[in-house]
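In what follows, a structure is listed as structure tokens, so that the remarks can point back to it.
The values are calculated or read from the model by the stated rules, or taken from the named source; none is laboratory data. Note that the coordinates shown come from a computational prediction; the quantities given were computed from them, not determined experimentally. Quick reminder, even Gly has a Cβ in these numbers, built from the backbone with ideal geometry, and neighbours come from all protein chains shown.
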Amino acid sequence: MFLKRFLFIALIISTLQNHAQISEQQLDSLIQNTLSTFEVPGISVGILKDSDIVYAKGHGIRSLTNKKSMNANTLVGVASNSKGFTCFALAMMVDEGKLQWDDKVRQHIPEFRLHDPWVTEEFTVRDLVTHRSGLGLGAGDLMFFPEGNNFTTEAIIANLKYLKPESSFRSEFEYNNNMFIVAGEVLERVSGLTWEAFIETKIMAPVGMTSSKASYNRITDKSNIIDAHTMADGEVIQIPHDWSETANPAGGIVSNVPDMLTWAQFLMNDAVTSDGKRLLSEAQMHELWQLQTPLRVRKGDWYDSNFRGYGLGWFLTDVKGGHKQVYHTGGLIGTVTQFTMIPDMNLAIVVLTNQMNGSAFNTITNTIKDSYLGYDNRNWLQYYGERNADYIKYNDSIKTRVYNQVKRAKTDLSLPQPSQIVGTYSDDWFGDVTIAYDGKTYSITCERSSNLYGELLPYNATTFVAKWDNRSYDADVFVNFSFDETGMATGATMKYIAPITDFSFDFHDLQLKKTN
């Protein structure tokens, strides 16, 4: 059945090379097949071409619980697609003379500190939003991810100095959300408005994004909003919305297809609204889409790209024939989204989903994009379908191997005794992690992140596995203990057991020291 679906969609896609765009019927079929291939409950898709909305439709259901249909107006958390709004807001402050991109952050936030004193003094507002801080991928994300933590913006800023860099300043691209949280604080201090109020009143309202809000908690009418879903232990399940309000400048916005296409049209119209109001100078609009941090383009790139990198809140590349593409993706626990613009073609593509599988949005976006760029059939559904199946199988094999070892370890006489490892362990920026023993089983609790708790399972003489009670996290980790000469634990480090773990579960950045 799976192969028949691939052959059917291949037949559909093969007709596209003779058309300027994919037809509504072809796209309907593609999306329906994408839903089933990647087990996504619901997807909404929009296409804007030459200022006209040529497609805006939802498919599937918005929730496994209520079974209500997904439609174009269904609200979805767009996650990191919010970063473009944060940078647009900062650019507005540049226009007003309240800020410069190369202002030192400490001019606006004197208490801002990083691990290296020199980097602290040199760090600019531009550095905050270009992922070149020197910190590792997702460093410090556990301060806001998952939901249920008690870190404030002030606490996050205060803790940044404890995060050790993995590369030299401005030398590498490493995606970082916490710097956007700091950028949101800069915006608040120079504008006098909260990030949420600024985004809604200064950007969304004049642009005409009438259904969107700057955060999930600001949505008053949730009658047409998705529930989040994810694969947990081999089954797609519905899970609660998960996002900490502290991190709104990095990923808090909730929107839908019509509003995101309105946003796209506004941006591609050089920041001029439909009623002729310019919200940003031509110079600053140009600045947003200039390359700041380069990324490698692989040899044989799918889109014949010559460059790729990050601008101010946007990924940038060129696609077939030198067309500049401006794009971003976003991911929450249970939701992933993709937003793509090719300005010189006046083309925008929006894909919003309620299951955290990026292969689904890549399949749809690439197929649509190919139809406008004139590429021959490349059958993205089959490509991503096979790759996704292989990746899940690979990760499942790792988990099976690890938990088979956990079963064998029950008879291992070299395992530590409870008195050797129970107690409180503390990390400078994450706080306390408690390991307890009730006479039968070990447990692990992260004191400042209330949803991170679970069972601690023996693995070998020095290592345990933290199996989180919330299986939707898919983030089980090794806990590696260090011991002194008397055999008592002195500290611990963590490392995910399978690469499918979201990078924002940055347990590997913790340096836990036993305090009692």
Hey, can you tell me all the residues within the stretch 118-136 that are within 16 Å of Leu90 (Cβ to Cβ), hydrophobic (A, V, I, L, M, F, W, C) and out of contact with any Phe, Trp or Tyr (no Cβ under 6 Å at 6 or more places or on another chain)? Phe123, Leu128, Val129
Unique match (being farther than 23 Å from Gly58 by Cα and of a type outside the set (Ser, Thr, Tyr)) among Ala228, Ala283: Ala283
Those residues of the stretch 435-467 which are loosely packed, with under 15 Cβ neighbours inside 10 Å and either β-branched (Val, Ile, Thr) or in contact with a Gly (Cβ under 6 Å, 6 or more places away or on another chain) (or both) amount to Thr441, Ser450
Do we find that Val76 is assigned by TED's automatic domain parsing to the domain that holds Gln21, closer than 30 Å to Arg278 by Cβ and either touching a residue at least 40 places away in the same chain (Cβ under 8 Å) or under 22 Å from the mean Cα position of the chain (by Cα) (or both) in this structure? yes
Only helices (runs of 4 or more DSSP H) wholly contained in the stretch 358-464 count here; list those with 3 or more residues that are over 30 Å from Glu485 (Cβ atoms), assigned by TED's automatic domain parsing to the domain that holds Ala158 and within 23 Å of the chain's Cα centre (by Cα). 358-373, 380-409
Selection within the stretch 227-265 - more than 19 Å from the chain's Cα centre (by Cα), crowded, with 19+ Cβ neighbours inside 10 Å and aliphatic (A, V, I, L, M): Leu261, Ala264
If I filter the stretch 468-505 down to residues being small (Gly, Ala, Ser) and either over 28 Å from the mean Cα position of the chain (by Cα) or not assigned by TED's automatic domain parsing to the domain that holds Ile444 (or both), which single residue comes out as surrounded by the fewest Cβ atoms within 10 Å (Cβ to Cβ)? Gly487
Given the stretch 263-353, what strands (runs of 3 or more DSSP E) lie entirely inside it while holding 3 or more residues that are in contact with a helix residue (DSSP H, G or I) (Cβ under 7 Å, 6 or more places away or on another chain) and modelled with pLDDT of 95 or more? 323-332, 335-342, 347-353
Just checking, does the stretch 94-102 include any residue being in contact (Cβ under 8 Å) with a residue 24 or more places away in the chain, within 24 Å of Thr220 (Cβ to Cβ) and either assigned by TED's automatic domain parsing to the domain that holds Ala360 or among the charged types (D, E, K, R) (or both)? no
Could you check how many residues of the stretch 231-282 are more than 24 Å from Thr340 (Cβ to Cβ) and small (Gly, Ala, Ser)? 5
